[in-house]
1. What do you reckon, is Ala43 surrounded by fewer than 12 Cβ atoms within 10 Å (Cβ to Cβ) and hydrophobic (A, V, I, L, M, F, W, C)?
2. For the stretch 42-63, name all the residues that are over 11 Å from the mean Cα position of the chain (by Cα), modelled with pLDDT under 95 and of a type in the set (D, E, K, R).
3. Need the failing condition index for Val4 against (1) surrounded by 12 or more Cβ atoms within 10 Å (Cβ to Cβ); (2) among the hydrophobic types (A, V, I, L, M, F, W, C); (3) modelled with pLDDT under 95, just the number.
4. Applying the selection to the stretch 14-25, what residues are loosely packed, with under 13 Cβ neighbours inside 10 Å and in contact with a helix residue (DSSP H, G or I) (Cβ under 9 Å, 6 or more places away or on another chain)?
5. Taking the options Lys61, Lys24, Lys48, name whichever one is closer than 15 Å to Ala12 by Cβ and in contact (Cβ under 8 Å) with a residue 24 or more places away in the chain.
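The values are calculated or read from the model by the stated rules, or taken from the named source; none is laboratory data. These numbers come from a predicted model, not from an experiment. Because the Cβ atoms are built from the backbone with ideal geometry, glycine has one as well, and the counts that use them run over all protein chains shown.
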Amino acid sequence: MTDVPVTPTDQALARLSEDELMHKRREALEAYENAKNRGEDSAELEAKYKTYEDEHNRRLKNKIPH
């Protein structure tokens, strides 16, 4: 039995190139960490970063043969 590839829930994320996704992930992480270090509410920034991270992980999972 083989694993079925996970389909993205957000088509806009699926259309991003690998470089665009990496860039957006990096920006989101920096914004989240900066807000957290300043003591600001960072829940929204964390959620945005998590969205990009989940898409990155989904792509990695679909590339690796099981």
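1. Working: surrounded by fewer than 12 Cβ atoms within 10 Å (Cβ to Cβ): yes; hydrophobic (A, V, I, L, M, F, W, C): yes.
Judged against the criteria, Ala43 is a match.
2. Once the filter is applied, which keeps residues that are over 11 Å from the mean Cα position of the chain (by Cα), modelled with pLDDT under 95 and of a type in the set (D, E, K, R), the stretch 42-63 yields Lys61, Lys63.
3. All conditions are met except number (1).
4. If the condition is that a residue be loosely packed, with under 13 Cβ neighbours inside 10 Å and in contact with a helix residue (DSSP H, G or I) (Cβ under 9 Å, 6 or more places away or on another chain), then Glu18 is the only one that fits.
5. Lys24
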